[in-house]
Amino acid sequence: MLGYIRLEILRLVRNGGYLMMSLIMPVGLYVTLAGGGPDQESLVRAMVGAAAFGALGVVITNGTGIAEDRALGWLRQLRLTPLSPVQVVIARGAVATCLGILPIVVIGLIGKFYRGVDLSPGTWLEIFLLLWVGIAPLAMLGIGIGYLFKAQLAQIAGTVSYLTLTLLGGLMMPTDTLPSWLQPLSKETPVYRYAQLSWDAAANSAPSGTGLGVLALWTALLAAFAAFAYRRGGRRA
């Protein structure tokens, strides 16, 4: 499985255009419209939201690439290997999670040196790790979309999921600006709980037990969805 992960990472690294495009929207929004301020709490919240937005975009749009690979017969080749559906899904999830590092690091650097976010080294490291590892359940969603739909439908489904989860998760604007009937729902989304981990870390608060439970439940559900989509996609490949 490690060999397969290495192969997929090399394939994506060689596609420099995809990696650069994944930065344009989150960095552009963060620098021009969603930088927060002037107080540190607002600056940190905006930076975390933008980094989470960037990582989310990478792992969700990764589904389109998977759908294109499936159309080219890559999934048929994988089914000839000893890798089980669970191993393939875990490997693709690990690859997608690694892709999320780039927007997290770039937006963190902009936050530090351009926006003036001031955090201790330990807090910076904690936020980075939470944003990186915490994106795993959303990576499962992108993988499931890629294996379930054809490329054009995967792109549409990914874009709708990306924008909807960004809005409900409060990444670009506080959830209290949502209609009152939507606010309780937003706190049950994986994106809100994902970002909340880093918001709490920046405030030196302990992680919410409820938040961790919701995120763990979404991780299990979306991993099962991705495995189901891989099996179904394999039958149609």
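Data overview
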{"read-out": "Subset of the stretch 157-172 that is part of a helix (DSSP H, G or I), open to solvent by less than 30 Å² (accessible area, probe 1.4 Å) and of a type in the set (A, V, I, L, M) - its residue that is nearest to Ile143 (Cα to Cα)", "value": "Ala157"}
{"read-out": "Cβ-Cβ under 6 Å pairs, at least 6 apart or on other chains, the stretch 213-225 side of a type in the set (Val, Ile, Thr), far side part of a helix (DSSP H, G or I)", "value": "Val214/Arg193; Thr219/Pro137"}
{"read-out": "Subset of the stretch 31-45 [open to solvent by less than 20 Å² (accessible area, probe 1.4 Å) and at pLDDT 90 or above]", "value": "Leu43, Val44"}
{"read-out": "Test: residue in the stretch 69-76 that is aliphatic (A, V, I, L, M) and either closer than 27 Å to Leu171 by Cα or buried (at least 23 other Cβ atoms within 10 Å of the Cβ) (or both)", "value": "no"}
{"read-out": "Qualifying residues in the stretch 190-212 (those that are without any contact (Cβ under 8 Å) to a residue 24 or more places away in the chain and assigned to a helix (DSSP H, G or I)) - the one nearest to Met173 (Cα to Cα)", "value": "Gln196"}
{"read-out": "Candidate set: the stretch 96-113, residues that are open to solvent by less than 60 Å² (accessible area, probe 1.4 Å) and in contact (Cβ under 8 Å) with a residue 60 or more places away in the chain; chosen: the one nearest to Ser22 (Cα to Cα)", "value": "Pro103"}
{"read-out": "Any chance Met140 is in a helix (DSSP H, G or I) and either modelled with pLDDT of 95 or more or touching a Ser or Thr at 6+ places or on another chain (Cβ under 8 Å) (or both)", "value": "yes"}
{"read-out": "The stretch 53-70 - residue that is touching a Phe, Trp or Tyr at 6+ places or on another chain (Cβ under 7 Å) and small (Gly, Ala, Ser) and, of those, nearest to Met21 (Cα to Cα)", "value": "Gly57"}
{"read-out": "Hits in the stretch 179-214 - residues which are of a type in the set (A, V, I, L, M) and touching a helix residue (DSSP H, G or I) at 6+ places or on another chain (Cβ under 6 Å)", "value": "Val191, Ala195, Leu197, Ala201, Ala202, Val214"}
{"read-out": "Qualifying residue in the stretch 8-21 (condition: β-branched (Val, Ile, Thr), open to solvent by 30 Å² or more (accessible area, probe 1.4 Å), in a helix (DSSP H, G or I) and in contact with a Cys (Cβ under 9 Å, 6 or more places away or on another chain))", "value": "yes"}
{"read-out": "Every residue from the stretch 156-167 that is of a type outside the set (Val, Ile, Thr) and either modelled with pLDDT under 90 or touching a Phe, Trp or Tyr at 6+ places or on another chain (Cβ under 7 Å) (or both)", "value": "Ala157"}
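So that you can scan it fast, the table gives a plain yes or no per residue for (1) over 12 Å from Val191 (Cβ atoms); (2) touching a residue at least 60 places away in the same chain (Cβ under 8 Å):
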site	(1), (2)
Arg115	yes, yes
Leu125	yes, no
Leu129	yes, no
Ile143	yes, yes
Ala151	yes, yes
Ala154	yes, yes
Ser161	no, yes
Leu167	no, no
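The values are calculated or read from the model by the stated rules, or taken from the named source; none is laboratory data. These numbers were taken from a predicted model, which means no experiment stands behind them. Every residue, glycine as well, gets a Cβ built from its backbone with ideal geometry; the counts of neighbours run over all protein chains shown. For the accessible areas, the whole protein counts, side chains as well, though only heavy atoms, and no ligand, DNA or RNA atoms are used. Shrake-Rupley method; radii C 1.70, N 1.55, O 1.52, S 1.80 Å.
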